[in-house]
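*Asks:* Below: one structure in structure tokens.
The values are calculated or read from the model by the stated rules, or taken from the named source; none is laboratory data. Just so we're clear, the structure is a prediction, and the values are computed from it rather than from any experiment. Counting neighbours? That spans all protein chains shown, and the Cβs are built from the backbone with ideal geometry, glycine included. For accessibility, only protein heavy atoms count, side chains too; no ligands or nucleic acids. Shrake-Rupley method; radii C 1.70, N 1.55, O 1.52, S 1.80 Å.
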Amino acid sequence: MIVDALTAVLVVAGCFFFGAGTVGLIRFPDLHSRLHAITKADNLGLGLVLAGLVLQAGSVAVALKLVLLWALALLASATSSHLLASEQTEETSDP
Amino acid sequence: MTRAELFFVLAGLLTVLGVARLLLTRDLMTRVLALNVASAGVLMVLVVLALPGDEAEAADPVLHALVLTGIVITVSVTGLAVGLVRRIEADEADEDGGQA
Amino acid sequence: MIGDDMTLLDGLLAVGLLTVAALALFLPRRSTAVVLFLAFGVLMAVAWALLGAPDIALAEAAIGAGVTSALLIDAVAVHRGHRTERNPRTSRALSVVGTLLGGVAAGALTFVLLGLGARSAPSGGPGGGPGDQATDRVWESGVDHPVTAVLLNFRSYDTLLEVAVLLVAALAVLTFRGNETFPAAPTLPPVPSLLDLLVRTLVPVLLLVVGWLLVSGSVQPGGAFQAGAVLTGALLLLRLSGWPGAIPAGRWLRPGLAAGLTAFLALAYATALLGDGWLSLPADWAGALIVALETLLTLSIGLTLAVIFVANQEPTHTSPRPQRTSALSARTRRRT
């Protein structure tokens, strides 16, 4: 019961952060601040959602796979936002 | 409304949306996107038909296999279509550049 | 189950899918449309999972939200722009007619589909329809997973033709390049070290996932197509980061593309001439044959999808790049 409630809280918190990141994506004026918003907020949101799911995982293997998912998503989003930001700095064109 | 009914309606709407846009738009890349959306709708009909009738049954594997084949064929067609569209638009851009 | 009531999640997903599809098809900016199409692919994968089709969810995530979206994004990134529009007057008339006809069609289709759904048991002759027969006879097929059994044993002819379709698409896209060679190595500026780190970390994991999907397809959702699409992702990641050898460009290109279909045809002819008939796998060898065939198919599908992407990549109307002395370019030069 407590585990289920904790999962619900974590997943809802994660969704809140995703929503915040999306609001930042829509409302921020330029590419760099938008990247900042979505990278930070979405990764934290993903981490919270996966933490909630880890509590529901049946075995250690599944829990470790979920953590691995988060690590890979972090790496991928960090790299892609770095590439986008550095490319845009070179071009200095519209985002 | 049951889940099957909901997804039937969704599939029908997606198919009509895709086919209508495919037939009525002039832009080539939109047609490629519309074709993909329409095929997703049609495949969704197949998957809903494959839903098992009760707890004990398994999902219909023949329909799942057909849908899997459909997805791969859709990507082949999309690859070919994108190649054609790029070539057409590149040639048009060359013509415009020559005339301008 | 077919009688399950819809949940809030189902309803939200349906609304989300329709919204994303409509936006992707109607927004004027191409780059926005294509990225929304990627989101559509991801939501479709979730829909397949909700409908109890995990193999299809894996395939949609890898192929639909992966390879197709990569193809489209690459197409619009080079030549970003807006959709070409019609004359405004015809456009308004057409959108009215289109909406009316579309509404009628949607209504008719909904009526037909809901009528279909109401019918309960599957039809078919003795022993049930093809689905029931397939589920009952999985134990004969050499694998434990019904969808893999159907794809690679019971209906392997369909899979053979599907592989042929992929190959034809790749060859057609290669011919669009005309006299230009297939680019052997990407011409890129030096790559940021973070991308290099990502590739070095991610590609081994992806290759592990490819192997796992391939092998697990015999027992649980997975199989050659999902594994092949993930392999395409790995190859494209290597290629786009500047690794030279990822996609063979010279004399290994065509053999690599044809390997899957050739192996499949060899199996088909072998069973036709020496065995029970065209593509009837002998029962004791079936499992091993299926895994071996799937391995070759994975490599071939991975390469084929990657070749389709790369051959679409450079604009085909620019002046030919410095000719590389590969067999491909020598052959095209001799022909002209």
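*Asks:* Among the residues of segment A:6-22, are any free of Cβ contacts under 8 Å to residues at least 12 places away in the same chain and either outside any helix (DSSP H, G or I) or not small (Gly, Ala, Ser) (or both)?
*Replies:* Among the residues of segment A:6-22, at least one is free of Cβ contacts under 8 Å to residues at least 12 places away in the same chain and either outside any helix (DSSP H, G or I) or not small (Gly, Ala, Ser) (or both), which makes the answer yes.
*Asks:* Moving to a separate point now. Just to be sure I understand the filter: pairs with C-beta atoms under 8 Å, separated by 6 or more residues or on different chains, first member in segment C:154-166 and more than 9 Å from chain B (Cβ to nearest Cβ), second member not in a helix (DSSP H, G or I). Which pairs pass?
*Replies:* C:SER156/C:LEU279; C:SER156/C:LEU281; C:TYR157/C:TRP278; C:TYR157/C:LEU279; C:LEU160/C:LEU279
*Asks:* When segment C:258-274 is examined, which residues are found to be touching a Leu at 6+ places or on another chain (Cβ under 6 Å) and in contact (Cβ under 8 Å) with a residue 60 or more places away in the chain?
*Replies:* Scanning segment C:258-274 gives C:GLY260, C:LEU261, C:PHE264, C:ALA268.
*Asks:* Do you know which residues across segment B:1-49 are at the interface with another protein chain (Cβ under 7 Å from one of its Cβ atoms), part of a loop (DSSP other than H, G, I, E, B) and open to solvent by less than 50 Å² (accessible area, probe 1.4 Å)?
*Replies:* Correct list: B:ASP27 only.
*Asks:* Further, regarding this structure: Take segment C:1-17 and flag every residue that is open to solvent by less than 50 Å² (accessible area, probe 1.4 Å) and either at the interface with chain B (Cβ under 9 Å from one of its Cβ atoms) or touching a Pro at 6+ places or on another chain (Cβ under 8 Å) (or both).
*Replies:* C:ASP10, C:GLY11, C:LEU13, C:ALA14, C:LEU17
*Asks:* For the subset of segment B:55-81 comprising residues that are outside any helix (DSSP H, G or I) and closer than 17 Å to B:MET44 by Cβ, which member is nearest to the other protein chains (Cβ to nearest Cβ)? Please lay out each step first, then the result.
*Replies:* If we filter segment B:55-81 for residues that are outside any helix (DSSP H, G or I), which is where we start, we get B:55-60.
Narrowing the set further to residues that are closer than 17 Å to B:MET44 by Cβ leaves B:59-60.
Working: B:ALA59: 5, B:ASP60: 3 Å.
Ranking the candidates gives B:ASP60 first.
*Asks:* State which residue pairs qualify: first residue more than 9 Å from chain C (Cβ to nearest Cβ) and within 19 Å of C:LEU194 (Cβ to Cβ) and inside segment A:61-82, second residue among the small types (Gly, Ala, Ser) and part of a helix (DSSP H, G or I) in any location, beta carbons under 7 Å apart, and separation of 6 or more residues or different chains.
*Replies:* These pairs meet every condition: A:TRP70/A:GLY47.
*Asks:* So, one more: Taking the criterion of being at pLDDT below 95, closer than 15 Å to B:VAL82 by Cα and not in a helix (DSSP H, G or I), would at least one residue in segment C:31-42 satisfy it?
*Replies:* No: segment C:31-42 contains no residue that is at pLDDT below 95, closer than 15 Å to B:VAL82 by Cα and not in a helix (DSSP H, G or I).
*Asks:* On to the next question. Does segment C:275-284 contain at least one residue that is in contact (Cβ under 8 Å) with a residue 60 or more places away in the chain, of a type outside the set (Val, Ile, Thr), in a loop (DSSP other than H, G, I, E, B) and open to solvent by 30 Å² or more (accessible area, probe 1.4 Å)? If you could, list the steps in order and put the result at the bottom.
*Replies:* So in segment C:275-284, the residues in contact (Cβ under 8 Å) with a residue 60 or more places away in the chain come out as C:278-279, C:281, C:283.
Restricting the remaining residues to those that are of a type outside the set (Val, Ile, Thr) gives C:278-279, C:281, C:283.
Checking which are in a loop (DSSP other than H, G, I, E, B) leaves us with C:278-279, C:281, C:283.
Still in the running and open to solvent by 30 Å² or more (accessible area, probe 1.4 Å): C:278, C:283.
The answer is yes, given that some residue of segment C:275-284 is in contact (Cβ under 8 Å) with a residue 60 or more places away in the chain, of a type outside the set (Val, Ile, Thr), in a loop (DSSP other than H, G, I, E, B) and open to solvent by 30 Å² or more (accessible area, probe 1.4 Å).
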